[in-house]
Structure formats: structure tokens, C-alpha cells
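Structure record follows, encoded as C-alpha cells.
Each reported figure results from applying straightforward, stated rules to the coordinates on display, with no laboratory input. None of the values given here were measured: they were computed from a predicted structure. For neighbour counting, all protein chains shown are included, and Cβ atoms are generated from backbone atoms with ideal geometry for every residue, glycine included.
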Amino acid sequence: MIAIKELLRELKSDEVREAEILLAHLLKKDHSFVVSHGEKTIDNATKRRFDNFIKRRRVGEPLAYLLGYHPFYGLTFTVNRHVLIPRPESEWLVEKSIEILRRHRDITMIVDVGTGGGCLIISILKNQTPAKKRQIIAYGTDISSTALIVAKRNAKLHNVTQIKFLHGDLLKPLEPKLMAYGLRLTAQPIILLANLPYLTTDDYRRASPSVKKFEPKNALAAGQDGLKYYRRLVKQLSKFINIEFRCIWEIDPCHSQKLKKLVQKTFPKSRPQLYKDYNNLDRYLTATITP
Ligand SMILES: C[S@@+](CC[C@H](N)C(=O)[O-])C[C@H]1O[C@@H](n2cnc3c(N)ncnc32)[C@H](O)[C@@H]1O
């Protein structure tokens, strides 16, 4: 048995805050409980689990993987080593989609390619009125079947079980459905979300050891020039000549002009536009790919 304050005293000062969070998680209490109950003792089993957390944290395992969850767009998402930890800059894609759904009430289909743990599409659905939520048909695809297990768990957690998660390469698993949808006279535009891997081989090599060691490489690395997946997505999109896609993509600012040109050249009417992130970098691309 050891008192909380004794336990924390053994740590380096820059470890204390995260250690408090981990301890609160183990004790199933709030962070404030740990801070204000330094005299409380913890049992040996909890201490062993705590020590193990600290050991793993010291070798760079992200806090989110130790806790098993991470906040995104005001919600809590399950995460593990099969999914990328959602980044705050990706919240823009959710904002933009919600705005489009509000302005264009006829849009009822959303496709999220490279859905990972499902944070984008789940956040969008969670922020719809119950009537709109019922109307929406939503798909998330991913090349990683283990990521899709996490996405399904998150959808259940947030009670948006209408999302269909499909395993496969970008739009491939949806091809028959989209072909059939395009044949409908009443086909409405589709929101196409993508936050695909976009690091060049060199950027990935330079990424922090913690990212490289613990986060899935197939969620980050995108070939020599970082455009491997977006280039393929553009090619896949050329097949669906009858559908209007409202593309909302997160991209690497270093490729923004190159990708914009590619979209413009492939779909001359698409009006691709770049948007800046909080650091004033072109992090997002929107385009309307029309029939
Ligand atoms: C940068 S993560 C984005 C995860 C999540 N959408 C988000 O915004 O946090 C990219 C995701 O794309 C998936 N992915 C990589 N290649 C893919 C492919 N060819 N087809 C579908 N998904 C792919 C990865 O498994 C990963 O989950």
C-alpha cells in the first residue's frame, strides 16, 4: 500500500500530470480526485498497473493508447494501436460537413474513406437532429480490418449504428452501390470525406520515434511523394460519372498545389479550393466533382 502523494513524488516533474491522469483512470475517478486526495492509499495491484503504465509511457507509448480513449470534437473515442489517434486539425472536416449538411438539406449520403476509428463520420452524425440522423446513409471504408473493429465499437458507443463499415481500398468496396446510386434519376450529391495517409517516405522517416513506433504506418505513410492515396482516389472517382461528390479532404500542406492541380485537371468543373489550418497552412481541399 502506498499513498498517492508518495507514488507521485517518485516521478520526474514533467511526468506528474500524465501520471495523475493515468492513476485517475485506474482508480475510475476524476483527475481532480487524484490531485485532492494525496493521502489516499492505493493497493499493490493498482500500483503494479500504474508502474507498468509509467514504464510504457517512458518508452514513448502515447497517453491515448494507454488510456484506450481520446477526445475528438467533444466526444470520447476508443483508440488502440490499430488506429491513428485523432488529431485536432481533423475537426475542420467535421465542421465543414455539418455546415454543408445544414445548407443542403437534400444531401443524405456521406462516405468516409480511410475512416480509421470512425471519428469523423461518427462526430458528424452525432451532431444532426434526430430526424436528419435517421435520413443519413453513411459508409466508412478502410484497408485495415482491425481499424474497422474499433470504428464499429465507436459507432455503437455513440449510438450511430446505421454507419456501414466496409473493408477495402478507398471507394472499391462501395463501387457496386455507387454505380447503382448513380443510375437513379433522383441521385443527390454525396459528401466524400477523406483524411488519407499523406506523409512522404522522407517525412515518415523524420516523424517522432513515438509516432513511428506506436501508430500504424498504413495510416500515415503515402509513398515517395505522399500522394499515393489521393492520386488513386482521384482515379477511382473518374469512374462515377453520374454522381456529384462534395469532397472534403485533409491534405499535406506541402502537396496542396500539386493536388489542387491534379483535381482541376481531372475534373475541370470541380472548383477545388484550399483552406488553411490554425497554423496558416493549406491543410484542407474541397472540390465539387460533378457529373
Ligand atoms: C490518417 S488516418 C485517418 C483516420 C481517421 N479518418 C481520422 O481522420 O482520424 C488514414 C486511414 O486511412 C486508412 N487507409 C490507408 N490506406 C487505405 C486504402 N488504400 N483504402 C482505405 N483506407 C486506407 C488507414 O488504415 C487509416 O485508418
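Points to keep in mind about this one:
- Ordering M1, M109 from the fewest to the most neighbouring beta carbons within 10 Å gives M1, M109.
- Exceeding the 26 Å Cα-Cα cut-off - candidates K5/K29; K177/K217; K55/K156; K133/K269; K29/K212; K213/K276: K177/K217; K55/K156; K133/K269; K29/K212; K213/K276
- Take the Cα radius of gyration of the chain and divide it by 2.2 N^0.38 Å, N being the number of residues; the result is 1.13.
- 0 to 90° range, to nearest 10: angle between helix 91-103 axis and the chain longest Cα axis: 40 degrees
- Using the Stokes-Einstein relation with a Kirkwood hydrodynamic radius computed over Cα pairs, the translational diffusion coefficient of region 129-226 at 10 °C and a viscosity of 1.306 mPa s comes to 100 µm²/s.
- Once the chain from T186 to Y278 is taken as fully extended at 0.36 nm per residue, the excess over their C-alpha distance is 29.3 nm.
- Cut-off under 5 Å, modelled amide H: who pairs with F72 long-range: F77
- Separation of alpha-carbon centers, region 125-167 and region 16-87, rounded to whole Å: 26 Å
- Cα-based helix-to-principal-axis angle, 256-266 vs the chain, degrees rounded to 10: 30 degrees
- For I2, the residues whose modelled amide H falls within less than 5 Å of its own, excluding neighbours fewer than 5 places apart on the same chain, are I42.
- For K172 and Q264, the difference between the fully extended length at 0.36 nm per residue and the C-alpha to C-alpha distance is 30.9 nm.
- Extending 7 Å from Cα along the Cβ direction at R205 and again at R105 yields two label points whose distance is 5.5 nm.
- Between the alpha-carbon centres of region 274-288 and region 172-200 there is a gap of 21 Å.
- Surrounding net charge for A3, when Lys and Arg each add one and Asp and Glu each subtract one, Cβ distance under 10 Å: +1
- Taking I85, I100, I190 as the candidate residues, the one with maximal mean-square fluctuation in a Gaussian network model of the chain, Cα springs under 10 Å, is I100.
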